[in-house]
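Where a number appears in this text, it was derived from the coordinates with a stated rule and is not lab data. All of these numbers come straight from a predicted model, not from anything done at the bench. With ideal geometry, Cβ positions are generated from the backbone for all residues, glycine too; neighbour counts draw on all protein chains shown.
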């Protein structure tokens, strides 16, 4: 597996557990509660929103379209300090 895909798979699995498994477990642990459906919906919506936010941030950083605008002098100093000659 590519190293770039490991965080994607791990975080997707985590939010899948929060959005799918936890609402199913809530069905058993909150049998008599009138708020069971609201709690299940809250877990699913939280997982969906947090996952989409994380996915957008991850994908934007994976292959950025824009880089920093650096002046030529600063680039030369960075190359000298980092050993790229």
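Which residues, taken from region 18-36, are in contact with a helix residue (DSSP H, G or I) (Cβ under 9 Å, 6 or more places away or on another chain) and either in contact (Cβ under 8 Å) with a residue 24 or more places away in the chain or surrounded by 11 or more Cβ atoms within 10 Å (Cβ to Cβ) (or both)?
If the condition is that a residue be in contact with a helix residue (DSSP H, G or I) (Cβ under 9 Å, 6 or more places away or on another chain) and either in contact (Cβ under 8 Å) with a residue 24 or more places away in the chain or surrounded by 11 or more Cβ atoms within 10 Å (Cβ to Cβ) (or both), then 18, 19, 20, 22, 23, 26, 27, 30, 33, 36 are the ones that fit.
Kindly evaluate residue 8 against the criterion of being touching a residue at least 40 places away in the same chain (Cβ under 8 Å) and exposed (fewer than 11 other Cβ atoms within 10 Å of the Cβ).
no
Got a number for residues in region 39-69 being surrounded by 11 or more Cβ atoms within 10 Å (Cβ to Cβ) and more than 20 Å from the chain's Cα centre (by Cα)?
The total comes to 3.
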